[in-house]
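Below is one structure, written out as structure tokens, with a few remarks after it.
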Amino acid sequence: MEHQVVEGSKPVTVPALDPTITARGVNVFYGDKQAIFDVDVDVPRNAITSFIGPSGCGKSTFLRCINRMNDTIPICTVTGDIRIDGEDIYDPRLDVVELRARVGMVFQKPNPFPKSIYENIAYGPRIHGLTRSKKELDELVEKCLEKAGLLKEVKDRMNEPGTGLSGGQQQRLCIARAIATRPEVILMDEPCSALDPIATAKVEELMEELKENYTIIIVTHSMQQAARVSQRTAFFHLGKLVENGDTRQIFTNPSDKRTQDYITGRFG
Amino acid sequence: MVVYLFLLLLAIASSGFLLGRFKARAAGVGQDVKMHSLDGYHGWFVAAWAGIPAVLLTLLWLLFQGPVIDWLLVGSLPANKVQAIDGGKLQLLVSQIKSVAAGNIFSQPEPFVVEAAERYNRWKDIASWSLFAVATVLALVGLLVARSRISPRFRARNGVETIMSGLMIACSVIAILTTLGIVVSLLYETLRFFDRVSVVEFFTGLNWEPQIPIREGQVTAGGAFGALPVFWGTMMIALIAMLVATPIGLFAAVYLTEYASARLRDVVKPLLEILAGIPTVVYGFFAVLTVAPAMRTFGEAIGLNIAPNSALAAGAVMGIMLIPFISSLSDDAINAVPQSLRDGSYGLGATKGETITKVLLPAALPGIMGGILLAVSRAIGETMIVVMAAGIIAALTLNPFEPVTTVTVQIVTLLIGDSEFDNPKTLAAFALGLVLFLATLVLNVIALRIVQKYREQYD
């Protein structure tokens, strides 16, 4: 399996990056079926990295390896080495609950809990015991909503259900919920695919601000979105990492034919 | 006779189907026009017209034949014999005539009775034969008329569909009318009961001793109809049952949906559903022969006096009966919570337990509540277990080790044995039945509302 990789599928080395996440030789299997083949990738700190590729190429599956969400699927096995700040996240001694607090996740479909807006944000801090008093929690909730650019819109209805917000607001609520656990990394799995263009623009703006403090990985189907928001881009195809590098370089001067075909719309 | 008639009508309708299809097939051949409907529809159309009016006529005829003949019979009796007697005796006389007509002759009937019996037999024969003739003619006419309408442009399919929807409406109307009839008869007998016993006594009285003397000189209690202890017993047993069933059912559901592996789930779920298939009478003797004696022995060992037919034993066994009910409804409710909410919770670093208690159960709560309410309404309507395992004496007690009685047990005991239909003891059963019916109706309506509302939530 390991060295079937075609020329150019190894990551292109781009200098001067301080990787938060390093993955080496990652393989993922669903039962007998292999979904990810021998992926090596580095994700830089405080930047946005996008994973692009046609449907079923394994980009979401790989994303879910980074916070070990694949553990919830019984038939899924992951091999290889993934480190966050040098720490092996598949180390059996590692507490997966702690890992997921450090690596937040935003899903494709906005999935607020059927609770109030306040309770949605307070959920993470409560289960991790991040605040000591009610006042501290109130402040944290407010700060997260502020960061997600949602505070103005929901200030007067913190006790109304989060499911009553519009799609775009719900997705920003989910982002606020993710940053409430004070993560270092935020994984976004097609966060805008269920949103209209205006809501998408707001979420992209928000990502731009968040990258100051967080390492963000976004899986997206939209190449324009990848080009707009990300500094680094990784192109996946059929479970393999084809090309990985500076976003501008990938979109203007890809080194692999498949990347070029994909970004020029010849398949995908 | 009627059986032969129905067989004949069936035969006519079947041949109507064949004839209709045959004619439609013939009409379609060699024509430029396309047949509007498939041949089969033409067949069904002819069969329906041949069969349905004749069957309806037969049913109506049979409904009215008896009363009409009776009325003619009474009218034909010698005036001096009829005028002297009242309605009840007249009924007796008519029955006597009928039994003579059927050949069961006891003692020596009066001559005018024998004459009337002969008349009765003659009329009945005439009625049957004319029914036979009229129905057969109607079926044949229907067949011919329907068959004559067959042509390429004839919309037999639409006709058949109209007839089918009519049949379905008729079936649902029958179901609704039956329910309505039951309610009305309950209501009627209940009103008769409240003519004899005051409503206030029934709903607030603390003394339930429905045994009243039917014969003179019979020694019984006074006959008191304060149903409060009966309602109390019902509620207590239902409460005990729910205390057993709710936690066990709920935890079983949580385990099955969230913890069990797919393989274990495939084995355990059907096993749990077997529990729901056990006849309640089997639960009943399980309660009487196993649970109650075991409780009694255990109670003696720790110095408690537990009656052999305690509320606890009946309630506990009823609770076991309700476990699969609650677990399968809760299972559905928890399963209906979208996977995205689980992902969201796990993604924030919640453990399985936190996800279940803080996200899944609150989200599924309406569905679970609906399930519990449905189970309560079953618990208060359950009869066989309590008839076998609970007491008969109505006692107003808080002690679950004492025997109590329930509404259903009282209805059974009130109606068993010979009793006249117009005494309050018998009629009390209807009043109890009406209360039971209303209580379960209200519970069911609330529960279904809740379950429905919650189903819409994720769609």
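The values are calculated or read from the model by the stated rules, or taken from the named source; none is laboratory data. What you see is a predicted model, and the numbers here were worked out from it, not measured in a lab. As a convention, Cβ positions derive from the backbone with ideal geometry for all residues, glycine included, and neighbour counts pool all protein chains shown. The area values use the complete protein model at the heavy-atom level, side chains included, leaving out ligands, DNA and RNA. Shrake-Rupley method; radii C 1.70, N 1.55, O 1.52, S 1.80 Å.
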Considering A:167, A:162, which residue is open to solvent by 10 Å² or more (accessible area, probe 1.4 Å) and either more than 27 Å from residue A:42 (Cβ to Cβ) or among the aromatic types (Phe, Trp, Tyr) (or both)?
A:167
Counted residues in region B:295-331 being of a type outside the set (S, T, N, Q) and farther than 28 Å from residue B:363 by Cα come to 20
Identify all residues within region B:127-170 that are out of contact with any Leu (no Cβ under 8 Å at 6 or more places or on another chain), open to solvent by 60 Å² or more (accessible area, probe 1.4 Å) and among the hydrophobic types (A, V, I, L, M, F, W, C); write none if there are none.
B:129, B:137, B:140, B:141, B:144, B:145, B:164, B:167, B:168, B:169
Looking only at region B:305-324, decide whether some residue is in a helix (DSSP H, G or I) and open to solvent by 60 Å² or more (accessible area, probe 1.4 Å).
no
Give region A:94-107 a look and list any residue that's within 9 Å of another protein chain (Cβ to nearest Cβ) and either in contact with a helix residue (DSSP H, G or I) (Cβ under 8 Å, 6 or more places away or on another chain) or of a type in the set (A, V, I, L, M, F, W, C) (or both), or say none.
A:96, A:97, A:99, A:100, A:101, A:103, A:104, A:105, A:106, A:107
For region B:18-31, state whether one or more residues are open to solvent by 80 Å² or more (accessible area, probe 1.4 Å), in contact (Cβ under 8 Å) with a residue 60 or more places away in the chain, in the same structural domain as residue B:137 (by TED's automatic domain parsing) and touching a Gly at 6+ places or on another chain (Cβ under 8 Å).
no
Meets criteria (outside any helix (DSSP H, G or I), away from chain A (no Cβ under 14 Å) and polar (S, T, N, Q)) for residue B:335
no
Scope region A:91-113; condition over 12 Å from the mean Cα position of the chain (by Cα) and of a type in the set (A, V, I, L, M); matching residues:
A:94, A:96, A:97, A:99, A:101
Looking at (1) in contact with a helix residue (DSSP H, G or I) (Cβ under 8 Å, 6 or more places away or on another chain); (2) more than 7 Å from chain A (Cβ to nearest Cβ); (3) touching a residue at least 24 places away in the same chain (Cβ under 8 Å), which one does residue B:345 not meet, given that it meets all the others?
(3)
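Which residues, counting only those in region A:121-135, are in contact with a helix residue (DSSP H, G or I) (Cβ under 9 Å, 6 or more places away or on another chain) and assigned to a helix (DSSP H, G or I)?
Of region A:121-135, the ones in contact with a helix residue (DSSP H, G or I) (Cβ under 9 Å, 6 or more places away or on another chain) are A:121-128, A:130-131.
Those that are in contact with a helix residue (DSSP H, G or I) (Cβ under 9 Å, 6 or more places away or on another chain) and assigned to a helix (DSSP H, G or I): A:121, A:122, A:123, A:124, A:125, A:126, A:127, A:128.
Per-residue answers, yes or no, for (1) within 12 Å of another protein chain (Cβ to nearest Cβ); (2) outside any loop (DSSP other than H, G, I, E, B); (3) not aliphatic (A, V, I, L, M):
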site: A:143; (1), (2), (3): no, yes, yes
site: A:153; (1), (2), (3): no, yes, yes
site: A:156; (1), (2), (3): no, yes, yes
site: A:187; (1), (2), (3): yes, yes, no
site: A:194; (1), (2), (3): yes, no, no
site: A:204; (1), (2), (3): no, yes, yes
Filter region B:280-304 for residues that are without any contact (Cβ under 8 Å) to a residue 24 or more places away in the chain and either assigned to a loop (DSSP other than H, G, I, E, B) or in contact with a Gly (Cβ under 6 Å, 6 or more places away or on another chain) (or both) and give the result.
B:302, B:303
Could you say whether any residue in region B:72-92 is exposed (fewer than 14 other Cβ atoms within 10 Å of the Cβ) and under 27 Å from residue B:166 (Cα atoms)?
no
Flag if residue A:43 is more than 14 Å from chain B (Cβ to nearest Cβ) and modelled with pLDDT of 90 or more
yes
Between A:228, A:258, A:248, which is open to solvent by 10 Å² or more (accessible area, probe 1.4 Å), of a type outside the set (Phe, Trp, Tyr) and touching a residue at least 24 places away in the same chain (Cβ under 8 Å)?
A:228
Please tell me if residue A:71 is open to solvent by 30 Å² or more (accessible area, probe 1.4 Å) and away from chain B (no Cβ under 14 Å).
no
Residue check, residue B:267 against (1) assigned to a helix (DSSP H, G or I); (2) open to solvent by 50 Å² or more (accessible area, probe 1.4 Å); (3) within 19 Å of residue B:392 (Cβ to Cβ), all met but one. Which one?
(3)
Residues of region B:396-432 that turn out to be open to solvent by 30 Å² or more (accessible area, probe 1.4 Å), on the phi < 0 side of the Ramachandran plot and more than 19 Å from the chain's Cα centre (by Cα), as a count:
14
Taking the stated definitions as given, is residue B:183 without any contact (Cβ under 8 Å) to a residue 40 or more places away in the chain, within 23 Å of residue B:228 (Cα to Cα), assigned to a helix (DSSP H, G or I) and among the hydrophobic types (A, V, I, L, M, F, W, C)?
no
The lone condition residue A:217 fails out of (1) touching a Phe, Trp or Tyr at 6+ places or on another chain (Cβ under 8 Å); (2) within 18 Å of residue A:124 (Cα to Cα) is (2)
Condition test on residue B:252, is it assigned to a helix (DSSP H, G or I) and either farther than 15 Å from residue B:384 by Cα or in the same structural domain as residue B:440 (by TED's automatic domain parsing) (or both)?
yes
Working carefully through the options B:212, B:182, find the one that is in contact with a Gly (Cβ under 6 Å, 6 or more places away or on another chain) and either over 19 Å from residue B:397 (Cα atoms) or modelled with pLDDT under 95 (or both).
B:212
Looking at (1) in a loop (DSSP other than H, G, I, E, B); (2) modelled with pLDDT under 80, can you tell me which one residue B:82 breaks?
(1)
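Mind listing just one residue for me: the one in region A:46-68 that is among the charged types (D, E, K, R) and within 14 Å of chain B (Cβ to nearest Cβ) and, of those, farthest from residue A:85 (Cα to Cα)? Spell out how you get there, then give the answer.
Filtering region A:46-68 for residues among the charged types (D, E, K, R) gives A:59, A:64, A:68.
Then drop every residue that is not within 14 Å of chain B (Cβ to nearest Cβ), which leaves A:64, A:68.
Numbers: A:64: 18, A:68: 16 Å.
Out of the qualifying residues, it is A:64.
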Being within 14 Å of chain B (Cβ to nearest Cβ) and open to solvent by 40 Å² or more (accessible area, probe 1.4 Å), is that true of even one residue in region A:75-93?
yes
Could you please find all residues in region B:93-120 being closer than 14 Å to residue B:69 by Cα and either open to solvent by 90 Å² or more (accessible area, probe 1.4 Å) or not basic (Lys, Arg) (or both)?
B:94, B:95, B:97, B:101, B:116, B:117, B:118, B:120
Out of (1) over 30 Å from residue A:267 (Cα atoms); (2) open to solvent by 50 Å² or more (accessible area, probe 1.4 Å); (3) within 14 Å of chain B (Cβ to nearest Cβ); (4) polar (S, T, N, Q), the odd one out for residue A:111 is which?
(2)
